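Structure record follows, encoded as structure tokens.
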Amino acid sequence: MTYRVAKVIVDVPSRETDRPFDYLIPDEMQGWIEIGSRVGVPFGRRTVQGFVLSLHQESGMDPRRMKPVQELLDLMPPLPRDLVKLAEWMSRKYACSMISALQAMIPAALKGKAERYISVSGFEGEDEVEPEAEGSRAKDLFAIPTMLTGEEEEIVAYVKASGQVTMDHLSGRYPDRAGEIKGLIQRGILTESQMIKDKVRKKTVKTVVAVVSGEEAEEALKSFSGQARRQKEVLQFLLEVGAPLTLQEVLSTLRVTAGTVSKLTEKGFAVIEDVEVFRDPYQGRRFKSSEPLERTPEQEVVFGKVTEVLDDRSYGVFLLHGVTGSGKTEVYLQTIERCISLGRQAIVLVPEISLTPQMVERFKGRFGGKVAVMHSRLSTGERYDEWRKIREGRVQVAIGARSAVFAPFADLGLIVMDEEHETSYKQEETPKYHARDVAVMRARQHEAAVILGSATPSLESYHAARSRADDDFAPLLLEMKQRPSGSRLPGVHIVDMREELRDGNRSMFSRALHEGISSRLEKGEQTVLFLNRRGYSTFVMCRTCGYVAGCPECDISLTYHQKSNNLRCHYCGYAVPAPSVCPECGSEHIRYFGTGTQRVEGELAKLFPGIRVIRMDVDTTTEKGSHEKLLQAFREKKGDVLLGTQMVAKGLDFPDVTLVGVIAADTALNFPDFRSAEKTFQLLTQVAGRAGRHQLPGEVFIQTYMPEHYSIIHASGHDYGSFVREELNHRKTLHYPPYSRLILVTLSHEQLPLLLRMAENFAGDLRAKAQRLGWYGNLDRFAEEALDILGPVASPIPRIKNRYRFQCMVKYRGPLDAVQLVRETAAATLDNLRDASLQISIDVDPQMLM
């Protein structure tokens, strides 16, 4: 079928452009443009990138008014049809633009931008052409026109010799001649065009291969005289190898110059070609191969349930609640193996980059080259090539963080989501999707299985599995309560730091933890210390006047970093040198309060001379591959203590770790977040699970100033069930998830009075619309359909990057289209104000309330 019209969503971030536009498909592109294709299209005076959403034979517009597609950017559409449909669903569910949803699905290398190109025009102005030359225009199409100044002539000659140059390059070569360049374009002597250019191109290497053989090769070798001895050596080498070699291999092996090889090609004995190669982030790495382990009875039950869905090619979601060290990863590996044997593909999601190295080790060891890895620490080119391996069907497994859920597999059979409770699966920038919901929707599209694994499942997932009442998300609960090795869960001791203070211990280490570390050093065993704060101190204060060093652009205190001796804002990146005296009163009594990972590291060095500490936090893991290097060093016992933030709390498995210490268990409890108790319980349970995972018994010390808090008490007993029951009672009373759904709306502006007025207008309009629909109220009565609006109030951090912030919280229950209601109200608010500085952010099912 011939399609004449493509409906294209353009990459222009605006509410007015969040709809498809009709473009004519040129004859030469017939059959090449498909749904999901990336195209360059004219939009206003620009050429922009767009994605084809659908193809049609006719359009409601007059064809004479329609513009044609200018270029097709990929021979194979980067987005399969199922991902285009998924983007439409994401736009509705998360109140985001269609283009932002599509852009989230492709690698950064394909987020192309229009590049301006300059060439010599094929038409000269009338005043520059001699009358007798009228008939010779076609013969001398690119002759340099007459009537040019010397400077103009130089510019035109350079462009003509180059054929085509970018505007950036031309203006950089002639920085003082912008007027001349503009004049030449205006007079039609130079022509400006636009093309979409990707950020990264495919990588190629030059290869060399002999093109003579048999008698012809023998004659060629005889033809070399004494001076061409090196050429003869190269040809003999190429003939012996037979297969193409990279030019660099030939040059380095034979120690010849590129000129020697070029002369062979000039004589027709060899050819040099550019051959595409994939960038491999793990090139040269050897992964220890592994074989499937014998399944325990609990693992057998889980494996059977999942493979039943795989074998039937049906849809199914499973919540795998397994204690730490229960062998969830082995279940993942074996179900993926079954999936691959059925000719289908699998995605494995991990919550953070810190988990990726160990998971990569296990999956590469089991599946070798069938695995592609996708995460943010790879270079743009490496991520692009790993993505292309998936798109072109070269691999069967993709492992990575949140965005790997969009891996463009053609026949997806299984999605594994490890540590499903992690909040990092929720993207905090637009589109604010949750990878768990996207995974479930993709599984529906492909009739695939989803495994959500965790030792501490999120309350939403666990409640849905227990009630089985949510049609959109009702996983089947599977449990694994035993460790396959037979090792017991570690003993957990709660240490009341108030008692330590009363006994005169002002150290950050309790006596029990101090003794535990000392004992492990003597035995040659290892310790993991967890602290949910990076930096040296959490804030700097003057003890004379009470001044606290704060960020001038955000309403947040600055954190002191000892290594760089500066104060840094962890929200906008603002940094200043640490003061030696108070900027307000000049007092020298400036002190550092709170405890950060740097400070703990320093204290360990003082208390245990010679101790080897490996610190893992955002500051020590900025370089590529730093996670792997640090974890490998700890695995090789080059460190006695692994000290870190959340990245050491989960997923790590070291046989000699027998002690875990939590320096300050109360950190998350003090956040203004209804999930603070749940996050504390999860973190404590996860970090406790790092101890005693093999033959050696483990021990855990939790230091706290709130030992009576139920999340800490239940975590010390590894008692997930008791915690869930108590926490769900609190949630039900306050109408928080899973007993309601939330939408967080944040409004921001540089002017506080205007922002306050608009926030009140937004909340008032939203209440009025909800009342007209009969939705407003009745949350307290537990009506099946109810909606409430809290706010507007100042955000917990009321100013970031010099923008004031107010927020409204929408709570609702039942099948209400609350997202669309909020979206329409936000659009109306923006239209009424017509101030581009006002920003309204809509976060559906928020994980962070800051």
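Odds and ends about this structure:
- Among all residues of segment 772-782, there is at least one that is in contact with a strand residue (DSSP E or B) (Cβ under 9 Å, 6 or more places away or on another chain) and part of a strand (DSSP E or B).
- Within segment 557-569, the set of residues being buried (at least 16 other Cβ atoms within 10 Å of the Cβ) and not aliphatic (A, V, I, L, M) comprises Ser557, Thr559, Tyr560, His561, Gln562, Arg568, Cys569.
- Residue under evaluation Leu631, criteria (1) out of contact with any helix residue (DSSP H, G or I) (no Cβ under 9 Å at 6 or more places or on another chain); (2) in the same structural domain as Met508 (by TED's automatic domain parsing); (3) among the hydrophobic types (A, V, I, L, M, F, W, C); (4) in contact (Cβ under 8 Å) with a residue 60 or more places away in the chain, criterion not met: (1)
- The number of residues in segment 286-310 being closer than 30 Å to Gly381 by Cβ and touching a residue at least 60 places away in the same chain (Cβ under 8 Å) comes to 4.
- Residue count, segment 495-519 (criterion: over 18 Å from Val600 (Cα atoms) and buried (at least 20 other Cβ atoms within 10 Å of the Cβ)): 0
- His709 vs. criteria at pLDDT 90 or above, outside the structural domain of Ser837 (by TED's automatic domain parsing) and not polar (S, T, N, Q): yes
- Residues located in segment 494-516, provided they are within 37 Å of the chain's Cα centre (by Cα) and closer than 22 Å to Lys679 by Cα: Ile494
Let's see how each residue does on (1) free of Cβ contacts under 8 Å to residues at least 40 places away in the same chain; (2) of a type in the set (Val, Ile, Thr); (3) in the same structural domain as His446 (by TED's automatic domain parsing):
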{"site": "Leu320", "(1), (2), (3)": "no, no, yes"}
{"site": "Thr329", "(1), (2), (3)": "no, yes, yes"}
{"site": "Gly343", "(1), (2), (3)": "no, no, yes"}
{"site": "Pro357", "(1), (2), (3)": "no, no, yes"}
{"site": "Gly368", "(1), (2), (3)": "no, no, yes"}
{"site": "Val371", "(1), (2), (3)": "yes, yes, yes"}
{"site": "Arg377", "(1), (2), (3)": "no, no, yes"}
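- Selection within segment 51-73 - surrounded by 13 or more Cβ atoms within 10 Å (Cβ to Cβ), assigned to a loop (DSSP other than H, G, I, E, B) and at pLDDT 90 or above: Val69, Gln70
- Across segment 55-75, the qualifying residues are those that are among the polar types (S, T, N, Q) and over 16 Å from Gly31 (Cβ atoms), and the one among them that is farthest from the chain's Cα centre (by Cα) is Ser59.
Table: residues versus (1) closer than 23 Å to Ser91 by Cβ; (2) free of Cβ contacts under 8 Å to residues at least 12 places away in the same chain.
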position	(1), (2)
Arg767	no, no
Gly774	no, yes
Gly777	no, yes
Asp788	no, no
Pro796	no, no
Val810	yes, no
Gln839	yes, no
Asp843	yes, no
Pro846	yes, no
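- Some residue of segment 310-317 being within 30 Å of Val440 (Cα to Cα), at pLDDT 90 or above, outside any helix (DSSP H, G or I) and of a type in the set (Phe, Trp, Tyr): yes
The values are calculated or read from the model by the stated rules, or taken from the named source; none is laboratory data. All figures in this text were calculated on a predicted structure; none of them were measured in a lab. Backbone-built Cβ (ideal geometry, glycine too); neighbour counts: all protein chains shown.
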